[in-house]
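Here's the structure, in structure tokens; my notes come after.
Every number here is computed from the coordinates shown, using simple stated rules; none is lab data. Everything numeric here is computed off the predicted structure, so don't read it as measured data. As a convention, Cβ positions derive from the backbone with ideal geometry for all residues, glycine included, and neighbour counts pool all protein chains shown.
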Amino acid sequence: MKPTLIFLHGGPGFKDYLKPFFSGLTDKFNCVFFDQLQGPEVRIENLLSQLDEIVTKIPGEKILLGHSWGGILAIEYTALLPESVSGLVLIGTGLNSQHWNDEYQNELKRQGMEDASLEKIFLTPDELKVGIPFLVGVDRTFSEPTFNSLKIGYLDHFDVTPRLAKLEMPILNIYGELDLRFPAAIAKTFKNYNKNIVDFEIPGAGHFPFLLDHPRFQIYKILEDSFF
């Protein structure tokens, strides 16, 4: 039986955008793409419950893969029900709201990008050539009420470092070398909290390191080598 990868997209407030990029892994993994609830009353507890309904229905080995906000959600779920999953993959995520925001603002200042457009923050120059339609498509799915509910109720004050520290399963930490939104300097601190974490820096990649073919295939290889 093939292991199952359960994909948790970022946001919060968006719909899944990972399927077009990771469906190429279906020869090695069963791939499940988790579309998170939207609405003005959504709380993190609702998302964890929704995710658990999916996880418990899937037989065999299950690995959570979370991008950005999805990585935070994956840590919360795995810490709550560690026996339910056998591996965790984090891509371009953060662990603590204050540390993340401080480092993000500092990185923008270091690069003189305080007034940069969101496109230039989220995409590298190479990714900009193909990434604008992707960002526009993702933005069309955005639910501001969902975002605001989770921002006030969770995002403004989250800290998952104590929960990450307790996890005993294999953890992959994949991040883009040129990510501005969740700077690589943040990702490089994760191993301070858990010795099981294995870091993978994707050269030249930004916050969406799977947008371009070469870095995406690097991520494919990392996943295949790590879980086979």
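The coefficient of translational diffusion for the chain, derived via Stokes-Einstein from the alpha carbon Kirkwood radius under 4 °C and 1.567 mPa s, stands at 73 µm²/s. Projecting the alpha carbon convex hull of segment 1-47 along each direction and taking the average yields 3.7 nm². Name the residue from Ala185, Leu211, Leu95 whose Cα lies farthest towards the positive end of the charge dipole of the chain, charges +1 on Cβ of Lys and Arg and -1 on Cβ of Asp and Glu. Checking the options against the dipole of the chain, the answer is Leu211. Under 16 Å of direct C-alpha separation, and excluding same-chain neighbours fewer than eight residues apart, Lys109 reaches these aspartates and glutamates: Asp179. Adding -39500 (n - 2.57) for every DSSP H run of four residues or longer, then dividing by how many residues the chain holds, sets the calculated 222 nm ellipticity at -12500 deg cm²/dmol. The alpha carbon radius of gyration of segment 1-134, expressed as a multiple of 2.2 N^0.38 Å, is 1.16. For the chain, modelled as a GNM whose springs connect Cα atoms under 10 angstrom apart, the maximal fluctuation among Ile174, Ile121, Ile63 occurs at Ile121. Charge dipole (Cα centre; +1 on Lys/Arg Cβ, -1 on Asp/Glu Cβ; no other charges) of the chain amounts to roughly 280 debye. Summary of packing: across the peptides 205-214, 162-171, 129-138, the per-residue average of other C-beta atoms within 10 Å ranks them, highest first, as 205-214, 162-171, 129-138. The Cβ shell under 11 Å around Glu168 holds other residues with a net charge of +1, Lys and Arg each +1, Asp and Glu each -1.
If you wrap segment 90-153 in the convex hull of its Cα atoms and look at it from every side, the mean projected area works out to 5.7 nm². Among the listed pairs Lys151/Lys195; Lys151/Lys191; Lys166/Lys191; Lys19/Lys57, those with a Cα-Cα distance over 22 Å are Lys151/Lys195; Lys151/Lys191.
Compute the separation of the alpha-carbon centres of segment 93-142 and segment 1-76 and state it in Å as a whole number. Rounded to whole Å, the Cα centres lie 22 Å apart.
Under a 5 Å amide H cut-off, with hydrogens placed 1.01 Å from N, Tyr193 pairs with nothing among residues at least 5 apart or on other chains.
Note: segment 130-176, Cα convex hull, 140 Å³ per residue. Contact order, relative form, for segment 4-221: 24 percent (alpha carbon pairs under 8 Å, 6 or more residues apart, mean separation divided by residue count).
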